[in-house]
Amino acid sequence: MTSQSHDAADVVAFAQRWYRYGGGDPTDIMIEFGLSERDYFLRLRGALADYDGLDPQTAGDIAQVVARRLAELGPKTDGEALSRAATA
């Protein structure tokens with residue numbers, strides 16, 4: 001299944017299952033969505049902004065996990081940009 005076949009609800013549902021455990025393993029994210037860890041959390045951040053199917057507490061908790069994971073990953077490196085361009 002390609003990442004394009006997953007909508008915001010799929011991304012948020014995965015986050016709901018895994019936010020209590022830090023947001024999910026990068027391998028599980030890749031298998032489920034075909035996305036890198038960074039791309040998944042960026043997509044999730046966008047999905048949370050538009051998704052109204054969560055109570056405010058859960059949405060806030062997931063948003064904290066997203067912020068932490070993206071901060072841990074740090075800025076995108078030139079190698080990531082080159083790798084992505086090569087596979088596009």
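Table for the structure above
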{"item": "Heavy-atom accessible area per residue - the stretch 1-51, 1.4 Å, Å²", "result": "58"}
{"item": "Net charge of neighbours whose Cβ lies under 14 Å from the Cβ of residue 71, counting Lys and Arg as +1 and Asp and Glu as -1", "result": "+3"}
{"item": "Accessible surface of the stretch 1-57, 1.4 Å probe, proportion on carbon and sulfur as whole %", "result": "50"}
{"item": "Extension gain, residue 42 back to residue 72 (0.36 nm per residue minus Cα-Cα distance, nm)", "result": "9.5 nm"}
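The values are calculated or read from the model by the stated rules, or taken from the named source; none is laboratory data. From a predicted model like this one, the values you see are computed outputs, not experimental measurements. Glycine also receives a Cβ, built like all others from the backbone with ideal geometry; neighbour counts cover every protein chain displayed. What goes into the accessible areas is simple: the full protein's heavy atoms, side chains included, and nothing from ligands, DNA or RNA. Shrake-Rupley method; radii C 1.70, N 1.55, O 1.52, S 1.80 Å.
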